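The values are calculated or read from the model by the stated rules, or taken from the named source; none is laboratory data. Source: prediction; values computed, not measured. Cβ: placed from backbone, ideal geometry, glycine included. Neighbour counts: every protein chain shown.
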Amino acid sequence: MSLCAKSIVKKGHTIKEVYLLEVDITIPNAPCNKMWTHELAKQKFKNDGLSKKEYGYIVAHIDLGLAVLNECT
């Protein structure tokens with residue numbers, strides 16, 4: 001919902017639920033030269049200590065088609 005709210009405001013509209021604009025929806029980067037997938041997120045959640053919140057945001061990010069390759073230099 002927060003992502004939708006931010007998109008609406010960016011287009012010049014207003015919303016009543018302004019608290020949605022302040023929700024931190026950042027996610028950790030995928031490992032170098034990978035992009036988040038459901039399998040990778042699940043593995044990292046089980047083994048590397050992603051929080052439930054981070055895991056949920058990553059899954060939503062994947063489902064929205066926003067996952068991109070993390071090209072580390």
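Across the range 25-53, the number of residues qualifying as in contact with a Ser or Thr (Cβ under 9 Å, 6 or more places away or on another chain) and under 23 Å from SER7 (Cα atoms) comes to 1. Please specify each residue of the range 1-36 satisfying the condition of being of a type in the set (D, E, K, R) and in contact (Cβ under 8 Å) with a residue 24 or more places away in the chain. Answer for the range 1-36, where residues must be of a type in the set (D, E, K, R) and in contact (Cβ under 8 Å) with a residue 24 or more places away in the chain: just LYS34.
Looking at the range 48-71 only, could you name the residues that are among the charged types (D, E, K, R) and in contact with a Leu (Cβ under 8 Å, 6 or more places away or on another chain)?
Kept after step one, since they are among the charged types (D, E, K, R), are these residues of the range 48-71: 48, 52-54, 63, 71.
If the condition is that a residue be among the charged types (D, E, K, R) and in contact with a Leu (Cβ under 8 Å, 6 or more places away or on another chain), then no residue fits.
This table checks each residue for (1) aliphatic (A, V, I, L, M); (2) modelled with pLDDT of 90 or more; (3) surrounded by 10 or more Cβ atoms within 10 Å (Cβ to Cβ); (4) in contact with a Cys (Cβ under 7 Å, 6 or more places away or on another chain).
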residue	(1), (2), (3), (4)
VAL9	yes, yes, yes, no
VAL23	yes, no, yes, no
PRO28	no, yes, yes, no
ASP48	no, no, no, no
LYS52	no, yes, no, no
TYR55	no, yes, yes, no
GLY65	no, yes, no, no
